[in-house]
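A.B. asks: Provided herewith is a single structure, encoded as C-alpha cells, for subsequent inquiry.
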Amino acid sequence: MLNRFKSVLMSAVGASELGLQYPNDSDNDMMTDYINSNYVVEVENKPYSRPSFLGLTAEETQVSADHRVRPIIVPRDLSRLPWCAGYAECINAGKSTWNEDQASATRGDLKLSDVNVTLPYVMFSMFDGHAGYQVALTARLHLHRIILVLLAIPGNMLLNEDENELIKGRDLVTGAIELAYRQMDQMVEMQAQNGGGGCTAITILFLNGRLYAAGAGDSRAVLVLGEEQRALTRDHTPDSESNRVRALGFLRSNELLKGHFTPLEFRKRPLQKELGSLVLYREPFMTGWAYKTLTHPDLKLPLISGHGKRSRVMGTIGVTRGFGDHGLKAANTGVNIKPFLSSQPEVQSLDLDSCNLTERDCIIVATDGLWDVVSDKTAAAILRKTLAPDTPSLEYRLTMGAQELVQAARGRLIGRVWMGKPENPNDSDEKSSPIASVDDISVLVVPLYPYLCEHKQWLKTTQQERKYAADSLVCFDYPISNRSTDNPS
C-alpha cells in the first residue's frame, strides 16, 4: 500500500503546481487513509529545481545561482501565477551553493459532494531552507496536496459561517492547515534524520471568501491595505518563543537537556567567580525577575542564548518552528534539538468582504532575506510607490513591486560587500549605506481584490444554479400533479 500511495502522491503533485489535477476517488481515499494512519513515508529526494512557475531551463537555473552577480529572477510568463501575482528572487552571496528558498502556487476546486458544490481555492506557499535544499523542495511539492486532502470536510460544515455556531467553517479550515503542517513534518522525518536540514513555511489560502495566513518560522506575510500595513504571521525565533522552549526544558530537564543546559534565564551570563552570590534570574513564564544564590548547575550552557535574530536554541539554530531538523544536535553535546522545534503554524483568517479592498491592496510574502533588512513599513511604502501609477498594466506592476523589494534587500555590490541604499537619497557617502542582505531573498506580491471578485461571481453563479434547479423541479412536478387531478381515471 505504501508504494502505491507514494506513486499516487507523486503523480498527483507532479501536475499540481500550476493547477491541481484531481486523482480518482479510490486514490483520494488512499491519501485520506494514509494521513489518518501512523505511517511515516520516506519521501524520494528530488533533483534541485526552482519553482515551476518560473519556467527556468536547466541552464537558466545554473545562471540564477551566480553568487557574484546575484541576478534577480522573475517569471518569464506572468500568467503562470494566479492573478499574475508578482514574484522575484535572488540567490545568497555565497553561504550555500543553491538558493534554498522555494515557493509554489496552486489553483483548483474542492468538490463538496454532500452539498453538490464545487468550491474554488487558490493557495500560495513559501519555504526557506537551511542546511540543505531538500526539505524545502519536498515541502514545495507536497504540502499543498496534504492540505487539500485534509480539507475533505463535510460541505455543510465547511460553508457554515454562522457566528452563533460553536464551531464554524473557518475553524475547520484552520484545523486542516495545522494538521497538514504536522503531517508534512512527519513526511520529511526520514529525509532529515541524518542532518538533512529543515525549512520554515508560510501558506496563504483563499477559500470561501476568506484569507488564511499560516506561518511556522521567520518568513513573514504582511498585509498592505490602503495606507496601513500589518503582519499576518509572527516570527518564531528562540527570542520570541523563549518561554515555550524554556518551559519544555524546565519540565523535562533530565530527559531533554542531559545535564548540559539550563532552562533558567539570567540577567547576565553567570561566572564561576560569582558562585554563592545573589544573581538576578527568572524561570519560564516569569515576566519579572527574582534573586537566587548562584550554584554550580546554574553555570551550565543556557538553553536560549542571545537576543533578536542572534538568539539560538542550544547555541545552534535561530528558528523554532518549521519542518525537518530531526537529526539536528547541539554542538559538542550530542543533545537532540528537535524536541524544542515545533511544526505547528499560527493561523490567522480574514473575511475579505469586510476589508473594502481596492486593486492595489496586496499581501507581501517573503523569506527573512527581505525582512532582516527591510521593515514592514518600508516594504509597504516601496510596494505602494510601485503600484501607484496607472501604467504599465497592474500585472506588470505587481512583478515590478516584487523586483523592487528584492532589489531593496539585495542592494548593490561595492567592492566585496553588498550595500543597501542610504536612508538619505542625497547622501552619496558609501559609509552611510546600510549592509544589505546576503541571504537568499524570495518575494511574492499577491493581490487580494481579484479573488474577492471571483468569489462574489462564484456566489452569484451558485445561487442562480440552485434557483434554476429548484424551478426545474417545480415545473417538472406540476404537470404530473395536475394530470392526476384532472384525469382521475
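A.B. asks: From the residues in region 298-333 that are open to solvent by 60 Å² or more (accessible area, probe 1.4 Å) and within 13 Å of residue 265 (Cα to Cα), which one is nearest to the chain's Cα centre (by Cα)?
C.D. replies: 307
A.B. asks: Here is a further query. What number of residues within region 351-372 are more than 24 Å from residue 390 (Cα to Cα), within 16 Å of the chain's Cα centre (by Cα) and not polar (S, T, N, Q)?
C.D. replies: Total meeting the criteria: 5.
A.B. asks: Here is a follow-up. So, restricting to helices (runs of 4 or more DSSP H) that lie completely within region 1-118, which ones have at least 1 residues that are crowded, with 17+ Cβ neighbours inside 10 Å, modelled with pLDDT under 95 and not assigned by the TED database to the domain that holds residue 201? Steps first, please.
C.D. replies: On the way: elements: 2-14, 25-35, 58-64.
Because the criterion is at least 1 residues that are crowded, with 17+ Cβ neighbours inside 10 Å, modelled with pLDDT under 95 and not assigned by the TED database to the domain that holds residue 201, the helices (runs of 4 or more DSSP H) in region 1-118 that meet it are 2-14, 25-35.
A.B. asks: Determine whether residue 220 is assigned by the TED database to the domain that holds residue 452 and either free of Cβ contacts under 8 Å to residues at least 40 places away in the same chain or among the basic types (Lys, Arg) (or both).
C.D. replies: On the way: assigned by the TED database to the domain that holds residue 452: yes; either free of Cβ contacts under 8 Å to residues at least 40 places away in the same chain or among the basic types (Lys, Arg) (or both): yes.
Considered against the rule, which asks whether it is assigned by the TED database to the domain that holds residue 452 and either free of Cβ contacts under 8 Å to residues at least 40 places away in the same chain or among the basic types (Lys, Arg) (or both), residue 220 comes out as yes.
A.B. asks: On to the next question. Would you call residue 431 among the basic types (Lys, Arg), at pLDDT below 90 and open to solvent by 40 Å² or more (accessible area, probe 1.4 Å)?
C.D. replies: The answer is yes for residue 431.
A.B. asks: Further question: Out of everything in region 142-169 that is outside any loop (DSSP other than H, G, I, E, B) and out of contact with any Leu (no Cβ under 9 Å at 6 or more places or on another chain), what residue ends up being farthest from residue 343 (Cα to Cα)? Give the steps one after another, and end with the answer.
C.D. replies: As a first pass, look at region 142-169 and keep what is outside any loop (DSSP other than H, G, I, E, B): 142-150, 155-158, 169.
Applying the additional criterion that residues be out of contact with any Leu (no Cβ under 9 Å at 6 or more places or on another chain) yields 143, 149.
On the way: 143: 12, 149: 18 Å.
Out of the qualifying residues, it is 149.
A.B. asks: Tell me whether region 213-223 contains one or more residues that are crowded, with 21+ Cβ neighbours inside 10 Å and over 17 Å from the mean Cα position of the chain (by Cα). If you could, list the steps in order and put the result at the bottom.
C.D. replies: Within region 213-223, the subset crowded, with 21+ Cβ neighbours inside 10 Å is 213-223.
Restricting the remaining residues to those that are over 17 Å from the mean Cα position of the chain (by Cα) gives none.
No, the conditions are met nowhere in region 213-223.
The values are calculated or read from the model by the stated rules, or taken from the named source; none is laboratory data. Predicted, not measured: the structure shown is a model, and the values here were computed from it. As a convention, Cβ positions derive from the backbone with ideal geometry for all residues, glycine included, and neighbour counts pool all protein chains shown. These accessible areas exclude ligands, DNA and RNA; they are computed on the full protein's heavy atoms, side chains included. Shrake-Rupley method; radii C 1.70, N 1.55, O 1.52, S 1.80 Å.
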